[in-house]
Structures are given as structure tokens and as C-alpha cells.
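Quick notes on the structure that follows.
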Amino acid sequence: MSVRPSAIALTPLLLFLALFFGAGLYYTAQGEAMGFYQLRAPVAILPALALGIWLARRRGLPAQQTLLQGMGDSNVMLMCLIFLLAGAFATVSKAIGAVDAVVALGLGALPASLILPGLFLVAAFVSLSIGTSMGTVAAVVPIALGVADAAGLDRVLVIGAVLGGAMFGDNLSIISDTTIAATRSQGAEMRDKFRENFKIALPAAIATIVLLGTLGDAAPVEAPDAASPWLVLPYVLVLGLALAGLDVVLVLGIGLVASGVFGFVLAKDYDVVSFAGDIYLGFESMVEITLLSILIGGLAALIKVTGGLDWLAQVIAKFARGHTGRRSGEISIAALAAGSDALTANNTVAILVTGSLAKDIAQRHGISPRRAASVLDIFACVVQGVLPYGAQILLAASLAAVSPLALAGSVHYCWLLALSALAFMLWPSRRTGGSPAKAADSE
């Protein structure tokens, strides 16, 4: 049954964003430090689902069947499985002392002039390894504060370096929920997305390291004590297997087993019971994003079947004034990701909400899945990393007792990443004599 494009079909999504964003503003105004996390997204989306079902029934469409098909979509279920395994791997690795080992190795025998770049690199590797910027902030900021005080560095500068490294890993890690959501929603391979994303992120990271090396006047500090450096190996194994092209579910399964084995051998009092308990704790840490993924899958199906995505595609095409090239498509995806993250204050939610539309834009403009996933992930992470009301800055500001607004201007990596991404997007396509779509895809 053909349904005409309709702006009304988008109202469930707008309702979800209004509830989530509105509640965040309200609780922030009431003085809540984490105001945007008082109303959980899986609860905020329920009224939107009810509205979507009502709109579908008004059009004579099978609302419940559409909802269930969207929730049970194979891509959604695979995404949820990956989320759960990623959570388990990150929790087990942290429990055996792998995060502490990474920090100690990264700060060991570091010259005073390289303390800021060193903190950025440590946070980047930790985040790349555990797949979460929030976990990285929680693990590295307390150590960074000790380093800042010992070296006589400005706390805002130090925490800004850590936040930049955390967002670097969040954007690139193969176990990051943003990367998983971006690749699955765009139909891209994890390895291809990493390579596409890395060539954009690397110039920004190098520029950040150079910039941080010129800032601050530090005194020497000693690295913190940590567990065996061999505990870093599960992270290296997972990264290597993922880049080799092994299926991400298998990669995470191998990494989880390897972390457990290293924990049994090297970590004190770590046994099978501890291992099993940490796996379940890892599952629990991903419950919210797993529930939200399932519910958003249903909402996206309802919006699509009632003509919402078709209407939005028409508006974007009109906004682009007939331009069908790569640049206009990538700029549209970037604006979609950035705007959604500013409204939701959650980069994973932003990607989940806009993933279907971004894929449609990519197909219309001849953009490869790997490129679409990269642009979507980059701009969601860029905005998230500098939002004064985003979870990362709020947590870091709370731990360091500094202003969130001051921190937003000190996350140099995110600003440089945005500039790097824009430069890559505006760079002329390498035309090969084929169709415009193929030329765009080759970019």
C-alpha cells in the first residue's frame, strides 16, 4: 500500500525529542548536575510510540505489526547483541586492571613538556579500548587531576585534553555504541568505517597533540602504580582482530575470553565467579541503550510506513536546490547528526534517531556506506564533546570542580575534528570518468 509523504508522520519523533530535551532543560534549570539524564530515553520514547501507532491506524496501516517488525529487525537485534558483548568486554577488562595498566604505561617516564599530549593519548587509547567516553572520563580524570596538581597545570586545560582523547576513542572504537549504531544503521563494515574515519580523525589528533605540546608549563610527575602491563594485551588483540576484518561478534567474544584468562593468571583473587559476575554487570550497563535501540527500531518503522521519511527526503532535496552531489549529501548528514545531538545531548541516541534518514540521504547522493557512517558518527561526537550540558563534560566538570562552560572551549580535539571533517567533505571529488554517484563513492 502506497502512502503519500507526510510531515505529520514525523510528529512522534518530534514528541520524543521534545520530551527528552524539554525534561533535560527543566531539570538543569532546577539545579540538577545531570539534568539531561533525569528522564531516561527509553521512557521518553513511549508516548512517541503511542502517537506513531495512532497515526498508522488512522491511515489504515497495520500499526502493531509494523512496530513489532521494526523492533525485531535483524539489524536491530544484531546491534543489541554487539552492545551486550561490548559492555561485558569493557567491564571485565576494567575489573582485571587493564585500564590502570594502560594509564600507567602511557604516563611512565613522560617528559614534563609532554604531559598534556600524553594525557590526551592515554585517554584516547583507553577510550579506543573500552569503547566509552564516559567510562574513560571516570577512569582517567581522577588520575589527570593528580597529574595536574603535581605538575602545576591548569585543571581546565588538563581535563580538556582528557575529554578530547575520550571523544577520539568514542568516535573510532569498534566496541563503541556510537560506532556500532553508525555502521549498522548505514550498512557499513566496521573495518571500512574505521579506516574512513581514521583518515579524518588522524590530522585532528596530530594537530591536537602539537597544540597541547605548546600549552601549559608543567613540572615532572611520576606515573601511578598499576597492575601488570600484560593486561593491556586483550585491548590490542581486539583492535587487531577488528582491523583484520573478523566479524565483530566473534572479535568481542574472543576479547571477552582473553580478558577472563588474563584476569585468572595476572589479577589478584580473580576467578570464574568474578568473571561471570562482571559479564552480567557489563550486560546491565548496556540495558538502557539496548532497550532504546529496540524501541527506536519500532518508531523508525512507524515513521517510514506513514510517509515521514519520504517527506523529509523531499525537504532535504528542496533545501539542496537540486544538487545531488556528494558534498550536499554529506553536509546534510552532518547537520542532521549535529542538530540531533544538540537536542538529545546523547550521541548514540542522535545516531539511532537519524540513522535511517542518513542512509536514505547517502543513497540519494551517491555516498558510500562507510563514508555516511563516518560523517554521522563524527558530527554526533563533535557536538557531544563540546556540549556544556552533555554527560561527558558534566561528569568531568563535577569530578574536577570546574565550570562546564569553561571545559567546552578547552576540548581542542573536537573543534579540530570538525574542521578536519569539513575539509574532507569540501575537498573536490576524484572523478574517474564514471557516473556522479560512482565518483562520489570513490571519494
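The values are calculated or read from the model by the stated rules, or taken from the named source; none is laboratory data. These numbers were taken from a predicted model, which means no experiment stands behind them. Don't worry about glycine lacking a Cβ; one is built from the backbone with ideal geometry, like all the others, and counts go over all protein chains shown. To get the accessible areas, we keep the full protein, side chains included, count just its heavy atoms, and leave off ligands, DNA and RNA. Shrake-Rupley method; radii C 1.70, N 1.55, O 1.52, S 1.80 Å.
Can you tell me the relative contact order of the chain? Whole percent, Cα pairs under 8 Å, sequence separation 6 or more.
Numbers: 785 pairs, mean separation 113.1, N = 443.
Worked out over the chain, it gives 26 percent.
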Unit charges on C-beta of K, R, D, E only; dipole of the chain, Debye: 2000 debye
Accessible area of the chain divided out per residue, in Å², using a probe of 1.4 angstrom: 41 Å²
Computed label-point distance, nm, for sites LEU68 and VAL210 using a 7 Å Cα→Cβ extension: 5.9 nm
Choice from VAL249, VAL273, VAL382 with maximal GNM fluctuation in the chain (Cα, 10 Å cutoff): VAL273
Furthest towards positive pole of dipole, GLY87, TYR26, LEU46, structure part the chain, Cβ charges: LEU46
Pairs of lysines in the chain (C-alpha under 25 Å apart; 8 or more residues apart or interchain): 10
Charge dipole of the chain about the Cα centre (unit charges at C-beta), most positive-ward option of ILE8, GLY70, SER340: ILE8
Dipole magnitude of the stretch 43-160 about its Cα centre (Cβ charges: Lys, Arg +1; Asp, Glu -1), debye to nearest 20: 600 debye
The stretch 166-203 versus the stretch 1-65: alpha-carbon centroid distance in Å: 27 Å
Mean shadow area of the stretch 1-149 over all directions, Cα convex hull, nm²: 13.3 nm²
Cα-based shape type of the stretch 344-426, given that a ≥ b ≥ c are square roots of the gyration tensor eigenvalues and the cut on a/c is 1.5: oblate
Computed E for SER6/VAL287 - FRET, C-beta separation, R0 45 angstrom, nearest 0.05: 0.85
Separation of the ARG58 and LEU202 label points, Cα + 7 Å toward Cβ, nm: 5.2 nm
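How much length, in nm to one decimal, is gained on full extension between ALA342 and MET134, taken as 0.36 nm per residue of separation minus their Cα-Cα distance? Write out the running numbers ahead of the final one.
Numbers: separation 208, 0.36 × 208 = 74.88 nm, distance 1.74 nm.
Residue separation times 0.36 nm, minus the Cα-Cα distance, leaves 73.1 nm.
Could you calculate the FRET efficiency of ARG40 with SER113 from 1/(1 + (r/R0)^6), where r is the beta carbon distance between them and R0 is 30 Å, rounded to 0.05? It would help to have the intermediate numbers written out before the result.
On the way: r = 44 Å, r/R0 = 1.47.
Approximately 0.10, to the nearest 0.05.
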Highest to lowest packing among 136-145, 391-400, 190-199, scored as the average C-beta count within 10 Å: 136-145, 391-400, 190-199
Descending Cα extents along the principal axes, the stretch 8-61, whole Å: 45, 17, 10
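Taking 0.36 nm per residue of separation and subtracting the Cα-Cα distance, what length does fully extending VAL272 through ASP154 add? Walk me through the numbers before you get to the answer.
Working: separation 118, 0.36 × 118 = 42.48 nm, distance 4.35 nm.
This chain segment gains 38.1 nm when fully extended.
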Segments 3-14, 161-172 sorted - mean Cβ within 10 Å per residue, highest first: 161-172, 3-14
Peptides ranked, highest mean first, by Cβ atoms within 10 Å: ranges 329-341, 253-265: 329-341, 253-265
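Could you tally the net charge around ALA397, taking each other residue with its Cβ under 15 Å from the Cβ of ALA397, Lys/Arg +1 and Asp/Glu -1?
Values: positive: ARG155; negative: GLU32, ASP154.
Local charge sum for ALA397: -1.
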Share of carbon and sulfur in the accessible heavy-atom surface of the chain [1.4 Å probe, %]: 65 percent
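Length gain on complete extension for the stretch TRP230 to LEU422, per 0.36 nm per residue less the alpha carbon to alpha carbon distance? Show your work: numbers first, answer last.
Working: separation 192, 0.36 × 192 = 69.12 nm, distance 3.92 nm.
Value of the extension gain: 65.2 nm.
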With all protein chains modelled, accessible area of TYR280 [1.4 Å, Å²]: 130 Å²
Residue-level accessible surface for LEU39, protein heavy atoms, 1.4 Å, Å²: 50 Å²
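Keeping every protein chain in place, order THR91, THR214 by accessible area at 1.4 Å, biggest value first, i.e. largest first. Intermediate results must be reported in sequence, preceding the final value.
On the way: THR91 35, THR214 100 Å².
Largest accessible area first, the residues go THR214, THR91.
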Estimated Rh, the chain: Kirkwood, alpha-carbon pairs, angstrom: 22.4 Å
